[in-house]
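> I'd like to ask you about the structure that follows.
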Amino acid sequence: STTAVSIIENGCRKNPSLPVLHWYSPNAYVPLAKEKELLDVLLLFKKRERGMLSRQPNARLRQIREKCSSVGVSMIQACSLRRHHLKLLNPFENGYQLGLGTENNVRESAA
């Protein structure tokens, strides 16, 4: 079955000259292997996963926090990773349809 990680890996293999975007972050670089470890917890329902993590049950958030801690990834990084993979797994649905808010919501929260 196709996963968001396989989409990324296949895209990089097909076009190894894809540019890499470098930017400053106070968080450490997260290797792909650590991202893969998080995906089972972050995308519990795979392609059917919807909504922001802030609206998930406390038990699920605790499980995600514990996994983040064990692999050395911040909760903010995990939220970003989850959002990215939800969009990769559902390319024909926008953020609003995925329960992730509108593009304006995203821009306002980043400001």
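The values are calculated or read from the model by the stated rules, or taken from the named source; none is laboratory data. Computed from a predicted model, the values in this text were never measured in an experiment. Cβ atoms come from the backbone with ideal geometry, glycine included; neighbour counts cover every protein chain shown. SASA here: full protein model, heavy atoms, side chains in, ligands and nucleic acids out. Shrake-Rupley method; radii C 1.70, N 1.55, O 1.52, S 1.80 Å.
> Out of region 75-101, which residues are more than 11 Å from the chain's Cα centre (by Cα) and open to solvent by 60 Å² or more (accessible area, probe 1.4 Å)?
Result: P91, F92, E93, N94, Y96, Q97.
> Additional query: Any idea which of (1) closer than 27 Å to S69 by Cβ; (2) assigned to a helix (DSSP H, G or I); (3) open to solvent by 90 Å² or more (accessible area, probe 1.4 Å); (4) at pLDDT below 90 is the one V5 doesn't satisfy?
(3)
> Given G101, G95, which one is touching a helix residue (DSSP H, G or I) at 6+ places or on another chain (Cβ under 7 Å) and over 26 Å from P31 (Cβ atoms)? Before you say what the answer is, go through the steps one by one.
Working: G101 fails: touching a helix residue (DSSP H, G or I) at 6+ places or on another chain (Cβ under 7 Å).
On inspection, the qualifying residue turns out to be G95.
> Please specify each residue of region 72-82 satisfying the condition of being closer than 16 Å to L32 by Cα and not in a loop (DSSP other than H, G, I, E, B). Even if it seems obvious, please write down each step before you answer.
Residues of region 72-82 closer than 16 Å to L32 by Cα: 72-74, 77-82.
Across region 72-82, the qualifying residues are Q77, A78, C79, S80, L81, R82.
> So which pairs qualify, if the first residue must be in region 39-50 and more than 21 Å from Q77 (Cβ to Cβ), the second must be aliphatic (A, V, I, L, M), the Cβ gap must be under 6 Å, and the two must be at least 6 apart or on different chains?
K47/L89
> Counting only residues that are surrounded by fewer than 11 Cβ atoms within 10 Å (Cβ to Cβ) and either outside any helix (DSSP H, G or I) or among the small types (G, A, S) (or both), how many does region 34-71 have?
4
> Picking from G72, G51, which residue would you name as being more than 14 Å from the chain's Cα centre (by Cα) and at positive phi?
Sole residue among the options that is more than 14 Å from the chain's Cα centre (by Cα) and at positive phi: G72.
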